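Just below is one structure, and these are the notes that go with it.
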Protein chains: 2
Amino acid sequence: MAGSTSRVRLVDVATAAGTSPSTASRALHGGAGVTDELAARVRQAARELGYSVNRQARSLRRGHDTAIGVVVEDFTIPYFGTIVAQVEQAAHERGFGVVITCAGSGRSEEEAVEPLLSRNVAGLVVATGTAGAPEGFLADLASSMPVVQVDAPLGSPFSDAVGIDNVAAGRRLTEHVLAHGHERVLFVGSGPAASTVELRREGYEQAMRAAGFAPLSTHLGFLPVETADRAVVALQQYLGDGTTPGITAILSGVARVTMGLVSALARLDRRDVAFAAIDDLVGADAFNPPLTVLEQDVETIGARAAQLLFARIEGWDGPPSHEQVPLRMIERGSGELAPAGRTLTAF
Amino acid sequence: MAGSTSRVRLVDVATAAGTSPSTASRALHGGAGVTDELAARVRQAARELGYSVNRQARSLRRGHDTAIGVVVEDFTIPYFGTIVAQVEQAAHERGFGVVITCAGSGRSEEEAVEPLLSRNVAGLVVATGTAGAPEGFLADLASSMPVVQVDAPLGSPFSDAVGIDNVAAGRRLTEHVLAHGHERVLFVGSGPAASTVELRREGYEQAMRAAGFAPLSTHLGFLPVETADRAVVALQQYLGDGTTPGITAILSGVARVTMGLVSALARLDRRDVAFAAIDDLVGADAFNPPLTVLEQDVETIGARAAQLLFARIEGWDGPPSHEQVPLRMIERGSGELAPAGRTLTAF
DNA sequence: CTGAAAGCGCTTACAG
DNA sequence: CTGAAAGCGCTTACAG
């Protein structure tokens, strides 16, 4: 057991083993060039004293830390939680620490990243959903350290990226409800700044136009708390007043928005409106009706991001790779409703 | 703009401002004892060069880092995501970094915490739900640095703690369904190791016994993926086979379990069984029937934990405080169902 | 194979 | 008010 007063240093271990700090360091980490016998003595002393290296000192000396940074837009969103979990796991396996920071709620990217850079992290996973301008702050960063972007709208020429094909996702979701006879379909995004969601909207518009229907979209904004209230107001506007024909299907571009829409539809008691969403939600099979979703494989996205990052950290020097992880449609019912007043026969 | 090749050091700033590192350091952080004019020159040089302090060096010199550690059981669970978000926010406001680690999935506490200790974090927020043995590893830690426990079963004599009154929560949830005429009520926990959930079960048993009914409880385990399948199996066993009278109400002790139960009840199409849970769930108002919950104010729990931790870090030396944040019952319908075949008049 | 020495970038008594 | 010097704990050329 380590004494709980003050951490034991390498010199303590060396002294206990009857050698010098230099040799002790080599015995514990350096590997080469130490007698087996002496190395064993050092390792035992380290064990007995409960030694663990002071990483600040090591990092200062080596010029980079065995830690990576993770920049996330919002920790309360399950998507990001899963990314963090995967990255932390990969880091832990390699003996790396993980320092996190939040880029949301009005903080600038510089401000968000400073706590990471000032700790000399060896690389960065950036999952903000909004970043990715090739001329931005991240590009600057990516030229001096490995950066992997997650859920980024565009592949940057300076960094690796892992995500989904957003345009195709929007198209596929749209085609799903079109196939069930819908023509007046509303797409709901979170806001113009969420560029991945905007790409999904683009896919939606492509699919609508290809089918000969007019696209119609709106935004709910970013704050989950307010989302349900806004959704009620927004939906009432589009659902029709009995005289004008309203929309018959709703598509949600992202989980946060789905949460709001699901509550709003429940409050309005409109279970007749078809509804499908990008991103799965916990309990979606218990919704009324059960929610059809186009699911992202978030675990794979997080795991691949970590793999790419550590490959770079370990020196891999290939061209930036932009990976797209396949999506999976989970049909649970809500997206398969036919438009009210119309019976489908062919499907 | 900072050059992107190599970080600028304090000595660079000092040189640019025509002074020494000592004075530059004092001008930027130390505060006292530098001419206004010189201080201004240093600050401008720092700004122009894009200087930001190397925290590893600072920490090494000062003996402790301006960073805190957060130990979490599982980042994908919204409860912990909210704790992390709150703590990160508080840390950021104080110029502290946040390094995280996961204590779940078979890692020992020592192993989980090592990456934090080896970085000399100034304090720890520990949210593992299972820890809290007064003689454990954490107690050892708490004697050498500030530790705040979140969601801990017992108040440790060595550290602050923030959470809820778990026994009272179990009692209150139980009394809710008892008030609607239920007598055969099943409590579902996650596993014997989750001691906060076990305390909730204790409250449930107290309430059942006080009402003269026999308590009946089971566990679903920890893995969210398997939970729904296990829940189906478990529920079939308790719901009765038509000849024997089954349970008429189910209580869930924690969010992960609720997710499984909600899916299982949907699959079994048993909307007649009353159901109430501790912890709110996203979309709970869209469930069928809408889910009644006893909600934890997780944001307040996280915020208070951070406040306590930083108070300790800044030197506050009061006795360990064990705070319990009030709960809120959200009645949405699922817990208010009367037992099938029995009509209530009095409520 | 081993150890004395230098140095990573910072802060802080200490002397002026 | 200012600066030269020491030292936080480690690693790594360098010399032996």
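For region B:19-129, what is the Kirkwood hydrodynamic radius in Å, using each pair of distinct C-alpha atoms?
Taking every pair of different Cα atoms in region B:19-129, averaging 1/r and inverting gives 16.2 Å.
Any residues in region B:20-65 that have 40 Å² or more less accessible area with all protein chains than in their chain alone, probe 1.4 Å, and which are they?
For region B:20-65, once contacts with the other chains are taken into account, B:Arg55, B:Gln56, B:Leu60 lose 40 Å² or more.
With each run of n ≥ 4 DSSP H residues scored as -39500 (n - 2.57), what mean residue ellipticity at 222 nm is computed for the protein assembly as shown after dividing by its residue count and rounding to the nearest 500 deg cm²/dmol?
-12500 deg cm²/dmol
With the crude spin-label approximation of a point 7 Å out along Cα→Cβ, what separation in nm comes out for A:Gln44 versus A:Arg184?
Here the answer is 8.4 nm between the modelled labels.
Pop a pseudo-label 7 angstrom from the Cα along the beta-carbon direction at both B:Ser6 and A:Ser217 and give the gap in nm to one decimal.
Label at B:Ser6, label at A:Ser217, 4.7 nm between them.
Sorted from shortest, what are the nm distances separating the label point of B:Arg267 from equivalent points in the other copies, each placed 7 Å from Cα along Cα to C-beta?
3.2
Normalise the Cα radius of gyration of region A:10-53 by 2.2 N^0.38 Å (N = residues in it) and let me know the number.
0.94
If you wrap chain A's Cα atoms in a convex hull and average its projection over all directions, what's the area in nm²?
Directional mean of the projected Cα hull area for chain A stands at 22.3 nm².
Is the shape of region A:166-291 rounded, prolate or oblate, going by the alpha carbon gyration tensor and its root eigenvalues a ≥ b ≥ c, with a/c under 1.5 for rounded and a/b larger than b/c for prolate?
rounded
How would you classify the protein assembly as shown from its alpha-carbon gyration tensor, with a ≥ b ≥ c the square roots of the eigenvalues: rounded for a/c under 1.5, else prolate if a/b is greater than b/c, otherwise oblate?
Oblate, since a/c reaches 1.5 and b/c is not below a/b.
Taking the Cα centre of the protein assembly as shown as origin, work out the dipole magnitude from +1 charges on Lys and Arg Cβ and -1 charges on Asp and Glu Cβ, in debye rounded to 20.
About 1000 debye.
Might you tell me the accessible area per residue for chain B, computed with a 1.4 Å probe and given in Å²?
For chain B, the solvent-accessible area averages 42 Å² per residue.
Closest beta-carbon to the B-to-A rotation axis: which chain B residue owns it, and what is the separation in whole Å?
Nearest-to-axis residue on chain B, with distance in whole Å, is B:Asn288, 2.
Percent relative contact order of chain A, based on C-alpha pairs within less than 8 angstrom and at least six residues apart?
16 percent
For chains A and B, what's the summed buried accessible area, probe 1.4 Å, to the nearest 100 square angstrom?
4600 Å²
On the protein heavy atoms, probe 1.4 angstrom, tell me the percent of accessible surface of chain A carried by carbon and sulfur.
C and S atoms contribute 52 percent here.
How far apart, in nanometres, would the label points at B:Asp272 and B:Ser20 be if each is projected 7 angstrom from Cα along the Cα-to-Cβ direction?
8.7 nm
The values are calculated or read from the model by the stated rules, or taken from the named source; none is laboratory data. Remember, it's a predicted structure, so these values are computed and weren't measured experimentally. Every residue, glycine as well, gets a Cβ built from its backbone with ideal geometry; the counts of neighbours run over all protein chains shown. Areas reflect the complete protein model, heavy atoms only, side chains present, ligands, DNA and RNA absent. Shrake-Rupley method; radii C 1.70, N 1.55, O 1.52, S 1.80 Å.
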